[in-house]
């Protein structure tokens with residue numbers, strides 16, 4: 001049994017793969033000759049980014065599995081794999097947390113004008129910015145965050161955004177208790193919005 005990973009793997013990832021004690025050959029994405037040579041006797045193709053075309057599939061006469069390292073299989077010729085009886089699998093949820101963190105990073109960076117302030121700081125101007133810039137700064141708390149889609153990344157991002165902000169949840173059938181029981185700042189019945197929900 002032999003697996004081929006076509007990916008520009010870092011030294012750390014290569015060490016982790018070696019530690020698995022499973023015969024896996026790592027081939028850089030740019031080295032097509034080495035890839036075709038290693039694929040010739042491989043049983044498993046570990047697919048990351050490079051398209052797996054019918055020609056690639058035909059170059060692996062012993063392939064039994066194309067394992068997508070990630071979610072989308074749109075870069076794999078599924079018909080060609082089906083014709084050859086090769087199983088195609090993906091890994092739902094493997095990058096969900098990374099997508100959520102990047103989404104929140106971009107939202108917060110936009111609200112806080114991070115790119116603009118970073119440029120000013122790197123130019124040696126530090127916090128000497130035009131007087132109206134603070135008027136453009138914002139916070140996530142108290143805002144409604146609009147997300148498109150309803151996959152795993154969306155659901156996880158929605159939970160994370162709710163923890164950071166205080167959106168109204170008008171679709172709830174029962175009213176939430178107006179304050180949480182573990183935060184002293186929220187124990188007053190007059191405190192109507194709790195970020196701990």
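Within the range 35-74, being exposed (fewer than 14 other Cβ atoms within 10 Å of the Cβ), closer than 12 Å to residue 5 by Cβ and at pLDDT 95 or above holds for no residue. Would you confirm whether any residue within the range 13-31 is out of contact with any helix residue (DSSP H, G or I) (no Cβ under 9 Å at 6 or more places or on another chain) and closer than 30 Å to residue 154 by Cβ? Looking for residues that are out of contact with any helix residue (DSSP H, G or I) (no Cβ under 9 Å at 6 or more places or on another chain) and closer than 30 Å to residue 154 by Cβ, one finds at least one in the range 13-31, hence yes. Taking the range 86-112 as the range and being within 18 Å of residue 2 (Cβ to Cβ) and without any contact (Cβ under 8 Å) to a residue 12 or more places away in the chain as the test, no residue passes. For the range 148-160, state whether one or more residues are farther than 30 Å from residue 63 by Cα, more than 22 Å from the chain's Cα centre (by Cα), part of a loop (DSSP other than H, G, I, E, B) and modelled with pLDDT under 85. Checked against the condition, which is being farther than 30 Å from residue 63 by Cα, more than 22 Å from the chain's Cα centre (by Cα), part of a loop (DSSP other than H, G, I, E, B) and modelled with pLDDT under 85, the range 148-160 yields no hits at all.
A Cβ distance below 7 Å, combined with a sequence gap of six or more or placement on separate chains, defines the contacts here; from the range 124-147, residues that are at positive phi reach residues that are assigned to a loop (DSSP other than H, G, I, E, B) in the pairs 142/165; 142/166.
The values are calculated or read from the model by the stated rules, or taken from the named source; none is laboratory data. In this text the structure is predicted, and so the values were computed from the model without any measurement. Cβ atoms come from the backbone with ideal geometry, glycine included; neighbour counts cover every protein chain shown.
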